[in-house]
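Nothing in this text is a laboratory measurement; each read-out follows from the coordinates by a stated rule. What you see is a predicted model; the values in this text were computed from it and never measured. When we count neighbours, we look across all protein chains shown, and the Cβ atoms used for this are built from the backbone with ideal geometry, even at glycine.
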Number of protein chains: 2
Amino acid sequence: MGGTKIAAGVVTPEGRILKETRYPTPASPGRLVESIARAILEVKDGFEVGGVCLAVAGLILARENKVIFSPNLHAVEGIPLKDELEPKIGLPLTLENDANAATWGEFRFGAGSEVDHLVFVALGTGIGGGVISHRMLVCGAQGSAGELGHVTIQATGPRCACGNRGCLEALASGTAIRRRARELASDHPNSALGRLAADRKVLGEDVTRLAREGDKVAIAVLAEAGRCLGIGLAGFVNIFNPEVIAVGGGAMAAGELILETAREEVHLRVRPPSRDLVEIKEATLGPRSGLLGAAALARDPSSGEYVLES
Amino acid sequence: MGGTKIAAGVVTPEGRILKETRYPTPASPGRLVESIARAILEVKDGFEVGGVCLAVAGLILARENKVIFSPNLHAVEGIPLKDELEPKIGLPLTLENDANAATWGEFRFGAGSEVDHLVFVALGTGIGGGVISHRMLVCGAQGSAGELGHVTIQATGPRCACGNRGCLEALASGTAIRRRARELASDHPNSALGRLAADRKVLGEDVTRLAREGDKVAIAVLAEAGRCLGIGLAGFVNIFNPEVIAVGGGAMAAGELILETAREEVHLRVRPPSRDLVEIKEATLGPRSGLLGAAALARDPSSGEYVLES
């Protein structure tokens, strides 16, 4: 469940999606619960379903099964989703942060399926993430771990949506890319990016397209975002010594235009052996990582800690 | 084992030290192995000892039981310590990074003994650290995880000993405190710190002493280090959602003179619920955390991953 849509699916233990549906996210809290329930009931019809995990774009308080902060989905904050939904759907339900669910998805079925230590970074409007350490999802004491977008990489940097300054998210997210594109467009009015910006508001996909067409200013915008991303990733390599860092999210449409400089920065900022081991690559499940991961997490709803036995 | 001394001890399962010895660290690789063996043989005499964990100030390659990088103890790099020591001591031996061992010590017997999620930061000449997540030591794929001093908090900041720029270690370690003290002393020649610096080289303990005596410049040096520390800790709170962050190491002689501003910075930079849960406090085991943690880790030498069952 995100700010614009609710996606529901029935998923096999092997990660095959048997049925899927999508609803727009309604604005009012009352209709929100109703829409989630309707989406679940619609897909589960005709299948033997054991449980549901609801992955939400927001901070989860695991103990209370409650979303306590969701910048793009305020309507969901504070609603006792488990208590309200379980009677409507007739199934046990757990909550998880969407990026944590996506991390579990990439670990079980995607870019991290062959490793024990994975960092997943979702590069979208904001930056989310999650960590698998020793085949276990790092949830933290309250289920709020994995906020990888909110590490400070430039203490004096720009203000972030979270209130902090110089967060990775403030410097390398889709939002940061658009902001920087507009700045560089006005510095370089004769570039393709500059000419477009004179015409209309520049979007993230414009930057990627113009960069692919060879516009040096658009290329520089993405390379700079990649450098900032790499500064954050370097820290994650030193903290977690992972085998793989998988980068997903909408901004990964730019792929290597971002990842190449990110890798360079990691190489500059990290020492062996961690530096030489880690593979920094695109996530492979695309927008379905959250759905697949949530379904896999639903199979272990009681533990509060998710461990995959090898 | 550190750059200046080798400490060995016999420790009970409950964390009581029955016997302890210390040797100076010799400079040559040949005599190093000999000194370690002698220290172990000396303390184990008369006790029933099941195994040894050697905690080393350096990067460990766990699979090979080898130290591959140790800036203050180059002699140890590349030596097959396990293979050379086991025949000499007649006991199974494992290697661990000293900060990881200290983390396990604080988790088992110290500041983190009542929680499941702990971040330990050792504030000394450099900054080391370790993480307990879900009662498990986060070791990473190669045993090199937990390098908490080498996350970038100011991308354009001063050069770090590791080669990177703007690492937490470059801004909040004992070394950073001394450097900043000398800078501010020359800016404020009439302060107590300034007068001392005109006389002789300023040491870390001078800064703490003068700050306790009320010198505003010395207080500012420690407060600034605390702010930098807090920027790093804020990131760890967002990444790990721990119940406790325990700060130890030599520079913690300054205690609240550093921790107070660190807490303020965490409060500014982190959102609830993680922010409201985390307790940032001094580690309680002092210089013995590494010895105690290593002994506890020695009880599980075969797994490579250390989990304490609740």
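In the protein assembly as shown the Cα-Cα distances spread across 10 Å bins starting at 0 as 3, 16, 25, 25, 18, 9, 3, 1, 0 percent of all pairs. When chain A is treated as a GNM with alpha-carbon contacts under 10 Å, the residue of A:Glu86, A:Glu106, A:Glu282 showing the greatest mean-square fluctuation is A:Glu86. For segment B:1-56, the Cα-based Rg and Dmax, in that order, read 11.5, 36 Å. What separates the Cα centres of segment A:76-119 and segment B:165-206 is a distance of 49 Å. Dividing the alpha-carbon radius of gyration of segment A:182-282 by the rule-of-thumb value 2.2 N^0.38 Å gives 1.20. Over segment B:27-108, the fraction of Cα-Cα pairs per 5 Å bin, rounded to whole percents and listed from the shortest bin up, is 3, 15, 25, 25, 20, 10, 2, 0.
Cross-link partners for A:Lys216 among the lysines, with Cα-Cα distance under 29 Å and sequence neighbours closer than 8 places in the same chain left out: A:Lys201, A:Lys281. Most simply put, chain B has about 60% antiparallel DSSP beta bridges, counting only bridges with both residues inside it.
When restricted to Cα atoms, segment A:223-297 yields an Rg and a Dmax of 12.9, 38 Å, respectively.
Each helix, a run of at least 4 DSSP H residues, gives -39500 (n - 2.57); summed and divided by the residues of chain B, these come to -12500 deg cm²/dmol at 222 nm. Determine the sum of side-chain charges near B:Leu203: Lys and Arg each +1, Asp and Glu each -1, restricted to other residues whose C-beta is under 11 angstrom from that of B:Leu203. That sum, taken over residues with Cβ under 11 Å, equals +3. Share of antiparallel DSSP beta bridges in segment A:111-284, in percent to the nearest 5? If we restrict to bridges inside segment A:111-284, about 55 percent are antiparallel.
How large is the translational diffusion coefficient of segment A:101-179 in µm² per second when you combine the Kirkwood radius over alpha carbon pairs with Stokes-Einstein at 25 °C and 0.890 mPa s? D = 186 µm²/s.
Helices assigned as whole DSSP H runs in chain A whose Cα atoms extend at least 24 Å along their own long axis and whose mean Kyte-Doolittle hydropathy is -1.0 or higher are found at A:216-240. Simple spin-label estimate for A:Glu256 and A:Lys19 gives 4.2 nm between the two label positions (7 Å along the Cα-to-Cβ direction from each Cα). Stokes-Einstein, applied to the Kirkwood radius of segment A:114-160 over Cα pairs at a viscosity of 0.890 mPa s and 25 °C, places its translational diffusion at 204 µm² s⁻¹. Over the Cα atoms of chain B, each weighted equally, I'd like the Debye log10 I(q)/I(0) at q = 0.07, 0.08, 0.09, 0.14 Å⁻¹, rounded to two decimals. Ignoring solvent entirely, the Cα scatterers give -0.28, -0.36, -0.46, -1.05. For segment B:155-238, the pair-distance distribution built from all alpha carbon pairs, in bins 10 Å wide starting at 0, is 19, 46, 27, 7, 0 percent.
For segment A:1-144, the normalised intensity computed at q = 0.15 Å⁻¹ comes to -0.78 (log10 of I(q)/I(0), Debye sum over alpha carbons, equal scatterers, no solvent). Partners of A:Lys19 within straight-line reach, counting lysines whose Cα lies under 22 Å from its Cα and excluding those fewer than 8 residues away in the same chain: A:Lys5, A:Lys44, A:Lys88. Looking at segment A:111-284, the pairs of alpha carbons with a distance over 26 Å make up 28% of the total.
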